[in-house]
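Asker: Attaching a single structure in C-alpha coordinates format; questions to follow.
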Amino acid sequence: MAIQGATNDYSYLTATTKNDSAATTKKTSLGQDDFLKLMTTQMTHQDPTKPMENGQFITQIAQFGTVSGIQDLQKSFGDFAGSINSSQALQATSLVGRYVSAPGTKGVLEAGGDITGNINLTGSTPSVKVAVTDATTGEVVQSLDLGEHGAGKVAFSWDGMNSNGTMASPGVYKIEATAYVDGENTVLETDINSKVDSVSMGTGANGVKVNLTGLDSVDFSKIKQILGGVL
(Lines give C-alpha, C1' and ligand atoms only; values in the text may rest on other atoms or scores of the structure.)
Protein backbone atom coordinates (compact mmCIF):
# COMPACT_ATOMS: atom_id res chain seq x y z
CA MET A 1 0.00 0.00 0.00
CA ALA A 2 1.41 3.43 -0.93
CA ILE A 3 1.96 6.00 1.80
CA GLN A 4 0.88 9.45 0.71
CA GLY A 5 2.77 12.66 1.67
CA ALA A 6 5.68 13.49 3.91
CA THR A 7 3.34 13.92 6.91
CA ASN A 8 1.95 10.39 6.60
CA ASP A 9 5.47 9.07 6.04
CA TYR A 10 6.64 10.73 9.24
CA SER A 11 3.66 9.39 11.25
CA TYR A 12 4.33 5.88 9.99
CA LEU A 13 8.01 6.07 10.79
CA THR A 14 7.40 7.58 14.24
CA ALA A 15 5.11 4.69 15.09
CA THR A 16 7.73 2.23 13.82
CA THR A 17 10.45 3.87 15.89
CA LYS A 18 8.26 3.80 19.01
CA ASN A 19 7.58 0.09 18.57
CA ASP A 20 11.29 -0.62 18.10
CA SER A 21 12.30 1.37 21.16
CA ALA A 22 9.62 -0.29 23.33
CA ALA A 23 11.11 -3.66 22.52
CA THR A 24 14.55 -2.55 23.69
CA THR A 25 15.40 0.28 26.10
CA LYS A 26 13.26 3.39 26.53
CA LYS A 27 14.94 6.60 25.38
CA THR A 28 14.17 10.16 26.34
CA SER A 29 15.94 11.81 23.39
CA LEU A 30 16.67 11.23 19.71
CA GLY A 31 20.29 10.20 19.14
CA GLN A 32 22.33 10.49 15.97
CA ASP A 33 21.91 6.81 15.04
CA ASP A 34 18.15 7.05 15.61
CA PHE A 35 17.94 10.13 13.42
CA LEU A 36 19.88 8.54 10.55
CA LYS A 37 17.76 5.38 10.79
CA LEU A 38 14.58 7.45 10.73
CA MET A 39 15.79 9.50 7.78
CA THR A 40 16.82 6.42 5.77
CA THR A 41 13.53 4.66 6.46
CA GLN A 42 11.57 7.76 5.50
CA MET A 43 13.38 8.04 2.17
CA THR A 44 12.81 4.32 1.50
CA HIS A 45 9.06 4.46 2.11
CA GLN A 46 8.28 7.82 0.60
CA ASP A 47 5.83 8.12 -2.29
CA PRO A 48 7.92 8.02 -5.53
CA THR A 49 5.54 10.55 -7.06
CA LYS A 50 6.11 12.96 -4.16
CA PRO A 51 9.74 12.64 -3.11
CA MET A 52 11.08 14.74 -0.28
CA GLU A 53 12.29 18.08 -1.58
CA ASN A 54 15.95 18.98 -1.14
CA GLY A 55 15.06 21.96 0.99
CA GLN A 56 13.00 19.86 3.38
CA PHE A 57 15.76 17.26 3.64
CA ILE A 58 18.43 19.87 4.35
CA THR A 59 16.18 21.59 6.91
CA GLN A 60 15.74 18.36 8.90
CA ILE A 61 19.49 17.72 8.90
CA ALA A 62 20.17 21.29 9.97
CA GLN A 63 17.65 21.04 12.81
CA PHE A 64 19.26 17.88 14.11
CA GLY A 65 22.73 19.40 13.78
CA THR A 66 21.65 22.45 15.77
CA VAL A 67 20.20 20.38 18.62
CA SER A 68 23.22 18.10 18.67
CA GLY A 69 25.59 21.08 18.63
CA ILE A 70 23.81 22.74 21.54
CA GLN A 71 23.99 19.54 23.58
CA ASP A 72 27.71 19.19 22.88
CA LEU A 73 28.25 22.85 23.76
CA GLN A 74 26.39 22.49 27.06
CA LYS A 75 28.47 19.46 27.96
CA SER A 76 31.68 21.30 27.08
CA PHE A 77 30.71 24.25 29.27
CA GLY A 78 29.83 21.88 32.10
CA ASP A 79 33.22 20.18 31.87
CA PHE A 80 34.95 23.57 31.67
CA ALA A 81 33.13 24.90 34.75
CA GLY A 82 34.02 21.74 36.64
CA SER A 83 37.71 22.10 35.82
CA ILE A 84 37.64 25.74 36.97
CA ASN A 85 36.06 24.78 40.30
CA SER A 86 38.64 22.03 40.81
CA SER A 87 41.49 24.44 40.05
CA GLN A 88 40.07 27.05 42.43
CA ALA A 89 39.68 24.44 45.16
CA LEU A 90 43.34 23.41 44.89
CA GLN A 91 44.48 27.04 45.05
CA ALA A 92 42.15 27.87 47.92
CA THR A 93 43.27 24.97 50.12
CA SER A 94 46.84 26.29 49.93
CA LEU A 95 45.66 29.47 51.71
CA VAL A 96 44.71 27.74 54.98
CA GLY A 97 46.77 29.23 57.81
CA ARG A 98 47.87 32.21 55.73
CA TYR A 99 46.72 35.82 55.69
CA VAL A 100 44.82 37.35 52.78
CA SER A 101 43.41 40.75 51.87
CA ALA A 102 39.69 40.72 51.12
CA PRO A 103 36.85 43.29 51.01
CA GLY A 104 35.18 43.69 54.40
CA THR A 105 34.34 45.97 57.29
CA LYS A 106 35.44 43.76 60.20
CA GLY A 107 38.77 42.52 61.51
CA VAL A 108 39.90 40.24 64.33
CA LEU A 109 42.19 41.62 67.02
CA GLU A 110 44.31 38.82 68.46
CA ALA A 111 46.07 39.08 71.81
CA GLY A 112 49.13 41.27 71.28
CA GLY A 113 48.26 41.71 67.60
CA ASP A 114 46.78 44.41 65.38
CA ILE A 115 44.28 44.94 62.58
CA THR A 116 45.62 46.08 59.22
CA GLY A 117 44.32 46.65 55.73
CA ASN A 118 43.82 49.13 52.91
CA ILE A 119 41.33 51.92 52.29
CA ASN A 120 40.11 52.47 48.74
CA LEU A 121 40.18 56.26 48.41
CA THR A 122 38.11 57.50 45.47
CA GLY A 123 39.62 61.01 45.29
CA SER A 124 42.03 63.43 46.90
CA THR A 125 41.24 64.46 50.47
CA PRO A 126 42.81 66.56 53.24
CA SER A 127 42.15 63.84 55.79
CA VAL A 128 41.30 60.14 55.90
CA LYS A 129 39.75 59.01 59.18
CA VAL A 130 39.21 55.52 60.56
CA ALA A 131 36.76 54.67 63.35
CA VAL A 132 37.33 51.39 65.21
CA THR A 133 34.18 50.06 66.86
CA ASP A 134 33.61 47.07 69.11
CA ALA A 135 31.43 44.78 66.96
CA THR A 136 29.60 43.46 70.04
CA THR A 137 28.86 46.63 72.03
CA GLY A 138 28.94 49.20 69.20
CA GLU A 139 31.32 51.37 71.26
CA VAL A 140 33.93 53.41 69.38
CA VAL A 141 37.24 52.38 70.96
CA GLN A 142 39.66 54.34 68.78
CA SER A 143 39.75 56.98 66.03
CA LEU A 144 42.66 57.31 63.61
CA ASP A 145 43.52 60.30 61.44
CA LEU A 146 45.68 59.23 58.50
CA GLY A 147 46.09 62.75 57.11
CA GLU A 148 46.09 63.97 53.52
CA HIS A 149 46.09 61.48 50.63
CA GLY A 150 45.48 61.30 46.91
CA ALA A 151 43.17 58.81 45.21
CA GLY A 152 44.21 55.18 45.49
CA LYS A 153 44.95 52.66 48.23
CA VAL A 154 45.73 53.99 51.70
CA ALA A 155 47.22 51.52 54.17
CA PHE A 156 46.02 51.60 57.79
CA SER A 157 47.01 49.80 60.97
CA TRP A 158 45.40 49.72 64.41
CA ASP A 159 47.70 48.44 67.16
CA GLY A 160 44.86 47.49 69.52
CA MET A 161 45.29 50.51 71.76
CA ASN A 162 42.00 52.16 72.73
CA SER A 163 41.37 55.89 73.28
CA ASN A 164 42.17 55.51 77.01
CA GLY A 165 45.68 54.33 76.26
CA THR A 166 45.10 50.72 77.28
CA MET A 167 44.97 47.54 75.17
CA ALA A 168 41.55 46.60 73.89
CA SER A 169 40.25 43.10 74.48
CA PRO A 170 40.82 40.53 71.72
CA GLY A 171 37.80 40.09 69.48
CA VAL A 172 36.02 41.35 66.39
CA TYR A 173 36.09 45.06 65.60
CA LYS A 174 34.36 47.06 62.88
CA ILE A 175 36.48 49.30 60.69
CA GLU A 176 34.84 52.34 59.07
CA ALA A 177 36.88 54.72 56.93
CA THR A 178 35.59 58.13 55.87
CA ALA A 179 36.98 61.15 54.03
CA TYR A 180 35.80 64.40 52.49
CA VAL A 181 35.90 63.78 48.74
CA ASP A 182 34.68 66.53 46.39
CA GLY A 183 33.23 68.36 49.35
CA GLU A 184 31.18 65.42 50.65
CA ASN A 185 31.80 63.17 53.63
CA THR A 186 32.18 59.74 51.99
CA VAL A 187 32.26 56.25 53.49
CA LEU A 188 35.10 54.36 51.82
CA GLU A 189 35.45 50.69 51.02
CA THR A 190 38.08 48.78 52.99
CA ASP A 191 40.10 45.61 52.41
CA ILE A 192 40.90 43.86 55.68
CA ASN A 193 43.83 41.51 56.25
CA SER A 194 42.53 38.29 57.81
CA LYS A 195 43.68 34.76 58.50
CA VAL A 196 42.24 31.85 56.49
CA ASP A 197 40.77 29.18 58.75
CA SER A 198 39.36 26.75 56.18
CA VAL A 199 37.87 26.38 52.70
CA SER A 200 34.35 25.31 51.72
CA MET A 201 33.44 23.72 48.39
CA GLY A 202 30.25 24.91 46.75
CA THR A 203 28.44 24.26 43.49
CA GLY A 204 27.15 26.55 40.77
CA ALA A 205 26.86 30.15 41.87
CA ASN A 206 28.14 29.33 45.37
CA GLY A 207 31.61 28.37 44.16
CA VAL A 208 34.60 28.08 46.49
CA LYS A 209 34.35 29.93 49.82
CA VAL A 210 37.31 30.98 51.98
CA ASN A 211 36.41 30.94 55.68
CA LEU A 212 38.20 33.67 57.64
CA THR A 213 39.11 33.11 61.29
CA GLY A 214 36.46 34.71 63.52
CA LEU A 215 34.69 36.24 60.53
CA ASP A 216 32.28 35.32 57.73
CA SER A 217 33.35 33.50 54.59
CA VAL A 218 34.29 35.30 51.38
CA ASP A 219 34.22 34.17 47.74
CA PHE A 220 37.61 32.87 46.62
CA SER A 221 37.38 35.13 43.56
CA LYS A 222 37.23 38.22 45.83
CA ILE A 223 40.58 37.59 47.48
CA LYS A 224 42.73 40.56 46.42
CA GLN A 225 46.12 39.59 47.80
CA ILE A 226 47.87 36.69 49.51
CA LEU A 227 50.01 38.10 52.30
CA GLY A 228 51.77 35.01 53.64
CA GLY A 229 52.11 33.76 57.20
CA VAL A 230 52.04 35.68 60.47
CA LEU A 231 51.65 39.43 59.99
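Asker: Listed residues 96, 128, 67, 108; which is modelled with pLDDT under 95 and either touching a His at 6+ places or on another chain (Cβ under 8 Å) or under 20 Å from residue 220 (Cβ atoms) (or both)?
Answerer: Within the list 96, 128, 67, 108, the selection yields 96.
Asker: Would the stretch 184-202 turn up any residue that is open to solvent by 40 Å² or more (accessible area, probe 1.4 Å), in a helix (DSSP H, G or I), under 18 Å from residue 104 (Cα atoms) and not β-branched (Val, Ile, Thr)?
Answerer: no
Asker: While we're on this one: Could you check the stretch 92-118 and list, in sequence order, the residues that are small (Gly, Ala, Ser) and in contact with a Lys or Arg (Cβ under 9 Å, 6 or more places away or on another chain)?
Answerer: 92, 97, 101, 102, 107
Asker: Okay, next question. List the number of the failed condition for residue 121; all other conditions in (1) touching a residue at least 24 places away in the same chain (Cβ under 8 Å); (2) loosely packed, with under 15 Cβ neighbours inside 10 Å; (3) over 13 Å from residue 174 (Cβ atoms) hold.
Answerer: (2)
The values are calculated or read from the model by the stated rules, or taken from the named source; none is laboratory data. Keep in mind the model is a prediction, meaning the values are calculated, not measured. FYI the Cβ positions are ideal-geometry reconstructions off the backbone, even for glycines, and counts take in every protein chain you see. With ligands, DNA and RNA removed, areas are computed over all heavy atoms of the protein, side chains included. Shrake-Rupley method; radii C 1.70, N 1.55, O 1.52, S 1.80 Å.
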